[in-house]
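The values are calculated or read from the model by the stated rules, or taken from the named source; none is laboratory data. Predicted model, so just to flag it, every value in this text is computed and none were measured. No Cβ is skipped: glycine too gets one built from the backbone with ideal geometry, and neighbour counts run over all protein chains shown. For accessibility, only protein heavy atoms count, side chains too; no ligands or nucleic acids. Shrake-Rupley method; radii C 1.70, N 1.55, O 1.52, S 1.80 Å.
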Amino acid sequence: MISIQSMQTLFMNAIFENLEKPVATNELGKHLTYNERLSVDEQISIYRDSVFGGLIMALQEIYPVCHKLVGQDFFDFMATQYINKHQSLSPDLTDYGEHLANFISHFKQADSLLYLSDVACLEWAWHRAFHARDHSGLNINKLNFLSEEQQENLVFKLPPGSALISSDYPIHKIWNANQQGNENDDVIDLDEGSVKLLVWRKKFDMHIDLLQEDEWAFLNKINQQEKFNYICETDEQSLDIALLLPQCVKQGWIADFYIFE
Amino acid sequence: MKATQQISGAGIGLRTQHYQTILESRPDVPWFEVLTDNYMGAGGLPLYHLEQVRDIYPISFHGVGLSLGSADPVNLKYLTKLKQLIERYQPEHVSDHLAWVSLNNHYAHELLPFPYTQEALSLISEKINTVQDYLGRALIVENPSTYLDFNYSEMPEWQFIQEIVNKTGCDLLMDINNIYVSAMNHNFNPLEYIANIPCQHVKEIHLAGYEDKGTHLYDTHGYRIHKEVWSLYEKALTYFKATPTLIEWDTDIPDFSVLLEEADKAQLYLNKYEQQEQYA
């Protein structure tokens with residue numbers, strides 16, 4: 001008899017081990033009842049296939065555009081390699097898949113799809129914003145009641161779960177062209193230049209907004225949670241803050257503020 | 001938000017594909033079961049839709065994340081979030097599985113089997129008690145479907161369940177499909193299993209469709225309920241009485257009307273049992 005801890009360690013190892021050297025599978029097999037219809041490996045494979053199938057499906061649901069771009073077989077292959085490298089560390093399956101964009105950027109078999117990693121980055125940002133905390137937007141009137149000292153320590157915030165993404169490729173167009181109902185024969189020029197995007201959610205409407213250089217620079221400062229006063233002082237020469245602040249507030253890109261203490 | 005209501009009759013598992021149909025047509029379904037683990041996010045549409053459904057129907061919560069059979073302690077972050085969801089949505093039932101899904105905080109997100117030993121009994125009882133103490137309510141525990149047996153198990157599954165109930169006072173969710181699948185895979189009599197379950201603790205029944213893989217039955221939750229499972233369900237009702245019953249469907253999810261047909265069928269069995277009781 002082995003302890004629960006030892007059995008479960010063996011079981012987990014059997015599910016995720018290299019099947020060319022099934023050490024844990026063979027060891028676990030010693031503790032299983034003989035089954036005349038299924039070998040030890042077949043019994044464990046039922047669970048192995050379920051685990052991998054469930055995780056692949058989870059990744060496919062988070063990354064539908066990547067899945068569409070590469071097709072089922074390649075996606076399954078890529079996802080399997082990812083699962084072997086990255087464990088799920090949360091009981092919430094929506095937390096799984098965070099590192100896929102980085103994984104793809106080092107995945108040799110996807111070398112020819114230069115934009116795939118950035119599309120994955122966009123899809124993860126979409127996914128996180130979709131599940132992020134709800135917010136009611138910036139109440140601009142509250143700013144009128146700040147003391148001088150509070151104004152000096154004012155820090156603006158982007159919408160919860162929002163993400164700033166830059167890419168050398170028009171990933172917003174690739175994403176859009178691969179949404180259901182948007183399929184057409186329009187050619188996307190991969191060399192049309194880099195893009196800077198903000199992915200965020202306004203109530204229940206998802207947005208992928210294309211940013212100008214100055215908007216990108218300003219929102220990055222906000223995202224780094226720098227005091228507004230400091231941004232005004234240090235970036236006075238390069239950014240037209242008087243123009244950018246109302247513009248970003250109007251768009252809904254600035255969703256809240258707090259006073260740094 | 002509606003006050004907590006008593007669940008009865010044949011309910012249906014709530015799936016995202018059916019939100020629109022349910023909210024627009026408000027079908028005559030007595031209750032819905034919610035997969036708790038799909039609502040662990042901080043906000044957004046899933047929680048909004050859940051709130052809308054909850055305003056119309058009684059609900060139950062069903063999860064896998066407690067990982068009751070794991071050697072790991074209960075994940076307190078998950079338990080805290082579960083309690084917050086319970087307080088917000090006031091489900092009638094809260095259930096999880098007699099299985100493990102994680103070890104050393106590595107999640108397989110799949111219900112994995114364990115041996116029915118005294119060690120497992122102590123471990124799981126302690127975890128169920130921890131969960132019940134924290135939530136301030138009885139947890140409902142579901143029997144698993146399994147594809148392998150451990151040669152050092154010290155008791156049959158039904159005895160393990162009896163012992164768990166004795167040690168924790170928890171309630172039970174009997175999945176008739178799981179009983180049938182495991183019985184066929186491990187050559188035991190499903191009626192003997194049912195007859196040995198402490199029936200006064202059975203608060204909910206699940207029905208689903210399995211897949212015959214040739215070498216074993218697989219609990220796919222992707223088919224209509226098989227006639228053998230309907231037959232077993234009918235017999236199980238004589239032990240468990242007219243217990244609230246749920247139609248589960250998780251893969252290749254069909255049109256909502258298919259689930260309604262299955263729920264109507266389950267309701268007929270429940271009605272038939274009650275009529276027989278009335279004239280007995």
Rounded to one decimal in Å, the inverse mean reciprocal Cα-Cα distance for segment A:1-113, i.e. its Kirkwood radius, is 15.7 Å
Looking only at lysines whose Cα falls under 24 Å of A:Lys196's and that sit 8 or more positions away or on another chain, we get A:Lys68, A:Lys157, A:Lys173, A:Lys221, A:Lys227, A:Lys250
The correct ranking of B:Met184, A:Met57, A:Met12 by accessible area at 1.4 Å, largest first, is A:Met57, B:Met184, A:Met12
Whole-Å distance linking the alpha carbon centroid of segment A:238-252 with that of segment B:167-209 is 63 Å
Between the Cα axis of helix A:72-85 and the main Cα principal axis of chain A, the angle (0 to 90°, nearest 10) is 90 degrees
Quick calc, chain A, dipole around Cα centre from Cβ unit charges on Lys, Arg (+) and Asp, Glu (-), nearest 20 debye, gives 840 debye
Once the dipole of the protein assembly as shown is set up from charges on Cβ (+1 Lys and Arg, -1 Asp and Glu), the residue from the list B:Ile225, A:Ser162, B:Gly214 lying farthest towards its positive end is B:Ile225
Taking a straight Cα-to-Cα line shorter than 13 Å from A:Lys21, and setting aside same-chain aspartates and glutamates fewer than 8 residues away, one finds A:Asp41
For B:Pro30, the net charge from surrounding residues (Cβ-Cβ under 13 Å; K, R +1; D, E -1) works out to -4
Expressed in angstrom, Rg and Dmax over the Cα atoms of chain A are 24.1, 81
Reduced to Cα centres, the span from segment B:6-43 to segment A:122-149 in Å works out to 30 Å
For segment A:1-113, the dipole about the Cα centre with charges only on Cβ (Lys and Arg +1, Asp and Glu -1), to the nearest 20 debye, works out at 140 debye
Too long for a 23 Å Cα-Cα cut-off, among A:Lys30/A:Lys85; A:Lys142/A:Lys202; A:Lys202/B:Lys77, are A:Lys30/A:Lys85; A:Lys202/B:Lys77
Longest principal axis of chain A (C-alpha) makes with the long axis of helix A:40-62 (C-alpha) an angle, in degrees to the nearest 10, of 20 degrees
For the protein assembly as shown, shape from the Cα gyration tensor axes a ≥ b ≥ c, cut at a/c of 1.5 then a/b versus b/c, turns out prolate
Quick calc of log₁₀ I(q)/I(0), chain B, Debye, one scatterer on every Cα, no solvent, q values 0.07, 0.10, 0.15, 0.16 1/Å, result -0.24, -0.50, -1.20, -1.38
Rg from C-alpha atoms of segment A:170-228, normalised by the globular rule of thumb 2.2 N^0.38 Å, equals 1.40
With B:Ser67 itself left out, Lys, Arg at +1 and Asp, Glu at -1 over residues whose Cβ is under 12 Å from its Cβ give -3
Relative contact order in percent for segment B:217-280 (Cα pairs under 8 Å, 6+ apart) equals 43 percent
In whole percents, the bins of 10 Å from zero upward hold the Cα-Cα pairs of segment A:134-261 as 11, 38, 31, 14, 6, 1
So the pair-distance distribution of segment B:207-269, from every Cα-Cα distance in 5 Å bins, comes to percents of 4, 17, 28, 24, 16, 9, 2
Sorted largest first, the C-alpha extents of segment B:111-255 along its principal axes in whole angstrom are 39, 34, 29
For chain A, the longest principal axis of the Cα atoms and the Cα long axis of helix A:241-251 enclose an angle in degrees, to the nearest 10, of 50 degrees
